[in-house]
Amino acid sequence: MSDPRILCIRHGESTFNAAYANDGVDPMLFDAPLTERGHAQVEAARLQLRDTPVDVVLTTPLTRAMQTSLGIFGQHPSRPAIIVETLHRERLESSCDQGRSPDLLMAEFPTLTLDHLPTTWWHAEGEPDGRGITVEPLEVMMARMEQFVTALKTRREATIALVGHGTFFHHLTGRWLANCEVMEWHWDHPRVPAGD
């Protein structure tokens, strides 16, 4: 069996992205949702990908990623399964990367299966910084990335869409993806080392 086609798709613009772009200061927007511009980016990506067969979508449980996944693939002609998993979540560096409990998410995303998630599925080990954020060490994220790639290699779908995040995808692909940019990727592609 040939290797799958893997599409990396960064989420649309979030309220954190928009605020941070103004002054470079964490606006303390936890689990930030999409902006109106972000929803428009999702719609453009939906049109871009509507004729691309997709068998499964793997999305993180961060709100902006699930909104992007549902916006692009919720009515996709291929009707791909949308699976929520945590290994390719964003590195927790800022308020927007801290998630919410499955109970809260289930109320907002009733069409997605979320009851397999632990109550705290984001990085929460170590001492919080002055903002109250428990920053995930880069080497911890890199180890998680390798776990994700190993798990991805066990999948048997022909085309897999990964909906995720800027820093994670940068270290996975070597590229900083724009909001809702789509990049084809293969697991043999060299990763960006933790020091870069």
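Before moving on, here are some points about what is shown:
Quick grid of which residues meet (1) assigned to a helix (DSSP H, G or I); (2) over 17 Å from the mean Cα position of the chain (by Cα):
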position	(1), (2)
THR119	no, yes
GLU127	no, yes
VAL163	no, no
THR167	yes, no
TRP176	no, no
CYS180	no, no
MET183	no, no
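- From ALA44, ALA19, residue being more than 28 Å from THR120 (Cβ to Cβ) and either of a type in the set (Gly, Ala, Ser) or in contact with a helix residue (DSSP H, G or I) (Cβ under 7 Å, 6 or more places away or on another chain) (or both): ALA44
- Restricting attention to segment 1-14, the residues being surrounded by 17 or more Cβ atoms within 10 Å (Cβ to Cβ) and farther than 16 Å from ILE82 by Cα number 5.
- There is no residue in segment 116-128 that is of a type in the set (S, T, N, Q) and touching a strand residue (DSSP E or B) at 6+ places or on another chain (Cβ under 8 Å).
- Selection status of LEU105, open to solvent by less than 50 Å² (accessible area, probe 1.4 Å), in contact (Cβ under 8 Å) with a residue 60 or more places away in the chain and not in a strand (DSSP E or B): no
- Residues of segment 145-191 that are touching a His at 6+ places or on another chain (Cβ under 9 Å) and surrounded by fewer than 16 Cβ atoms within 10 Å (Cβ to Cβ): GLY174, TRP176.
- Residue-level check: of (1) closer than 24 Å to THR167 by Cα; (2) in contact with a strand residue (DSSP E or B) (Cβ under 7 Å, 6 or more places away or on another chain), PRO53 misses just (1).
- Reported count of residues in segment 18-37, each being within 26 Å of PRO102 (Cβ to Cβ) and more than 14 Å from the chain's Cα centre (by Cα), is 6.
- Only one of GLN41, GLN48 that is under 30 Å from ALA158 (Cα atoms) and crowded, with 19+ Cβ neighbours inside 10 Å: GLN41
The values are calculated or read from the model by the stated rules, or taken from the named source; none is laboratory data. Here the structure is a predicted model, which means the values were calculated and not measured. Note that each Cβ is placed from the backbone with ideal geometry, even for glycine, and that neighbours are counted across all protein chains shown. The area values use the complete protein model at the heavy-atom level, side chains included, leaving out ligands, DNA and RNA. Shrake-Rupley method; radii C 1.70, N 1.55, O 1.52, S 1.80 Å.
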